[in-house]
Amino acid sequence: MSLRTGTLTHPRRAQRALYATAAAIAAGTLLLAGQAGATGTGLKTLAEAKGIYFGTALTQSNLSNSALTAVASGQFDMVTPGNEMKWDTTEPSNGTYNFSPGDQIVSYAQANGMRVRGHNLVWHSQLPSWVSSLPTTQVQAAMESHITTEATHYKGKVYSWDVVNEPFNDDGTLRQDAFYAAMGNGYIADALKTAHAADPNAKLYLNDYNIEGQNAKSDAMYNLVKSLKAAGVPIDGIGLESHFVLGQVPSTMKANMQRFTALGVNVAVTELDDRIQLPASSANLAQQATDFTTVVDDCLAVSGCVGVSQWGVGDADSWIPGFFSGYGAATMYDANYQPKPAYNAVVTALGGSTSSPSASVSASASASPSASPSPSPSVTGVASSCKVADVVNAWNTGLTENITITNTGSGTVNGWTLGFTLSAGQTITSAWSATITPTSGQVTATNLSYNGTLTPGAATTIGFQANHTGDAAAPASFTLNGKTCSAG
Ligand code: G2I
């Protein structure tokens, strides 16, 4: 089944949304995007409505930065520990384990309704020297013990594992690291099987950089996945790290994702950033917005692309300046956690809006005429009827509401407006998958071009985020093209 064919009432997604909201309310940390210095709707809400996640990397030291964590918990629903689950931290000497830093990241994620991408179990880098100093005859046992111990420790707490990280050289040959030296290319299958035995429910990934487009390295990864699948080795996904240089997102990224998913694995954008030669000009930031849009659009276009994660919350947290002299500004947030053009572009790509709350709230990109509402609603065939399911997730000062409209009539609806009245004190700050005006009181939601046609039995989900002053109740009733809908 496509990952994005369901509505928000899809059990897995609905459960995740409820869990996220409940956890965030409990922790008092679910913020309006505006409170986090951002505009528009939280990326995670928009991403979830599209059936994907939006994640970030977090390090232990990030957790004590309240400006950073406000953005992290308000915007993202997936966390990758930046360093805390790597071998040099978790098993610094043979048989001595330290899960405390990783546990702190997991606790933070759990308290904020976020899932965790475990990163990583086997990698040539951040590998303590005791491993590479072992006689080759002892490396396999050491690798299997490490995987088993770590994956067992985090069993049930991680969504996925990057089981083997960065196995390839850029020319498509396997890296000659300690694992390859000891076991040849069989170490990869062995690592995947060992991880699967320890945590059968974790999604198992191979993760690498420079495999986003079609090239010798991604060809090698493709061939590896094909042979692993043919041999029945447990593998669920490929992580495309996506450390891009401004303006250089490969044009073959979508096709490349598609060829992997055609093999029966998921793909994820795991470490997105887009580095700019400093100082960054406004033209650079606009190009960066285009680059982020391309990546999100590509993921949304590929059934089996499960999510996008940025590598670090803001520019101040990025690894780029420390590794690429003269480069930086690689993320969606500036060094003060203010959203950059790339953030607004991602909101738009995910179907949200960053327009001012005082104006009409539109889910469409103003630059996109194809997203304009259909002008003349009509119903072909017999009289219309409809039902509306409404899911409200509220916190102390705000709420998100997802409204699923189903055409229960036997005629096709060609363009629609949905009328409803907001409870007193509710003001819409952003909307998705529809244009909604005005922002309070009696409002009208109008379809966008892609969801204006509802054949008999068809449903579409729209939504909005609103402030409230104590009354978070859903609208009492809805009308579709003027006709009252039943609840359900
Ligand atoms: O290099 C970017 C990423 C490429 N893909 C795999 C990722 O795991 C990798 O992450 C980075 C971390 O963001 C950095 O924080 O991996 C680097 C190491 O390969 C990390 O840098 C290291 C520094 O090199 C060390 O000096 C430092 O002690 O971070 C360590 C912990 O702060």
On the accessible surface of segment 158-245, probed at 1.4 Å with all protein chains in place, carbon and sulfur together account for a percent value of 45 percent
Descending packing, highest mean Cβ count within 10 Å first, for 125-137, 326-338 is 326-338, 125-137
Charge dipole of the chain built from unit charges on the beta carbon (Lys, Arg +1; Asp, Glu -1), centred at mean Cα; most positive-end Cα among H153, T173, S325 is H153
Between A286 and T252, the two model label points (7 Å from Cα along the beta-carbon direction) sit apart by a distance in nm of 3.0 nm
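Under 1.5 on a/c is rounded, so check that first for segment 163-223, then, if it is not, pick prolate when a/b is larger than b/c and oblate when it is not; a ≥ b ≥ c are the square roots of the alpha carbon gyration tensor eigenvalues.
It comes out oblate by the Cα gyration axes.
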Computed for the chain: size of charge dipole around the Cα centre, +1 on C-beta of each Lys and Arg, -1 on C-beta of each Asp and Glu, debye to nearest 20, value 1340 debye
If unit charges are put on Cβ atoms (+1 for Lys and Arg, -1 for Asp and Glu) and the dipole of segment 248-314 is taken about its Cα centre, the option from Q310, S251, S282 lying farthest towards the positive end turns out to be S251
Expected vector for segment 283-291, Karplus 3J(HN,Hα) from phi with 6.51, -1.76, 1.60 and θ = phi - 60°, integer Hz, x for Gly and Pro, equals 5, 4, 5, 5, 5, 5, 4, 5, 5
Listed by chain and number, the residues whose amide H is under 5 Å from that of S430, excluding neighbours fewer than 5 places away on the same chain and using placed H, are Q465
Note on the chain, DSSP bridge orientation, antiparallel percent to nearest 5 equals 55 percent
Quick calc of log₁₀ I(q)/I(0), segment 303-347, Debye, one scatterer on every Cα, no solvent, q values 0.19, 0.23, 0.28 1/Å, result -0.61, -0.80, -0.99
Counting lysine pairs in the chain that sit 8 or more positions apart or on different chains, with Cα atoms under 13 Å apart, gives 5
Rounded to two decimals, the Debye log10 I(q)/I(0) of segment 261-364 (Cα scatterers, no solvent) at q = 0.10, 0.17 Å⁻¹ is -0.32, -0.82
One would report the Cα pair-distance distribution of segment 240-280, bin width 10 Å, in %, as 26, 46, 20, 6, 1
For segment 35-162, the per residue accessible area (1.4 Å probe, Å²) is 32 Å²
With R₀ set to 35 angstrom, the calculated FRET efficiency between the beta-carbons of D390 and D219, to the nearest 0.05, is 0.15
Magnitude of the Cβ-charge dipole (Lys and Arg +1, Asp and Glu -1) of segment 163-304 about the Cα centre, nearest 20 debye, reported as 400 debye
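Provide the gained length on full extension for the span A473 to L278, in nm with one decimal, where the gain is 0.36 nm per separating residue minus the Cα-Cα distance.
On the way: separation 195, 0.36 × 195 = 70.20 nm, distance 4.81 nm.
Full extension of this stretch gives 65.4 nm more.
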With the 8 Å Cα cutoff and a minimum separation of six or more residues, the chain has a relative contact order in percent of 13 percent
Residue span T484 to S64: 0.36 nm per residue of separation minus Cα-Cα distance leaves a gain in nm of 146.2 nm
Residue span D297 to T173: 0.36 nm per residue of separation minus Cα-Cα distance leaves a gain in nm of 41.6 nm
So, for the Cα atoms of the chain, Rg and Dmax in Å stand at 23.4, 78
For segment 99-111, Karplus-derived ³J(HN,Hα) couplings (6.51, -1.76, 1.60; θ = phi - 60°; whole Hz; x for glycine and proline) come out as 9, 4, x, x, 4, 5, 5, 4, 4, 4, 4, 5, 5
The simple spin-label model distance between S410 and N94, using points 7 Å out along Cα→Cβ, in nm, is 7.8 nm
Karplus-derived 3J(HN,Hα) from phi for segment 122-137 (6.51 cos²θ - 1.76 cosθ + 1.60, θ = phi - 60°), whole Hz, x at Gly and Pro, runs 9, 7, 5, 9, 6, 9, x, 5, 5, 6, 6, 8, 5, x, 4, 5
Honestly segment 40-108 on the Cα gyration tensor test (a ≥ b ≥ c root eigenvalues; a/c under 1.5 rounded, otherwise a/b vs b/c for prolate or oblate) is just prolate
Which residues qualify? For F244, with a placed amide H closer than 5 Å and at least 5 residues away or on another chain, they are D273, D274, R275
Segment 198-241: Kirkwood hydrodynamic radius (Cα pairs, Å) comes out at 11.1 Å
Non-local residues with an amide H under 5 Å from the amide H of L127, with H modelled 1.01 Å from N and Pro and chain starts lacking one, are none
Rg (one decimal) and Dmax (whole number) from the Cα set of segment 127-266, in Å, equal 15.3, 46
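The values are calculated or read from the model by the stated rules, or taken from the named source; none is laboratory data. Predicted model only: the values in this text are computed from it and were never measured. For neighbour counting, all protein chains shown are included, and Cβ atoms are generated from backbone atoms with ideal geometry for every residue, glycine included. For the accessible areas, the whole protein counts, side chains as well, though only heavy atoms, and no ligand, DNA or RNA atoms are used. Shrake-Rupley method; radii C 1.70, N 1.55, O 1.52, S 1.80 Å.
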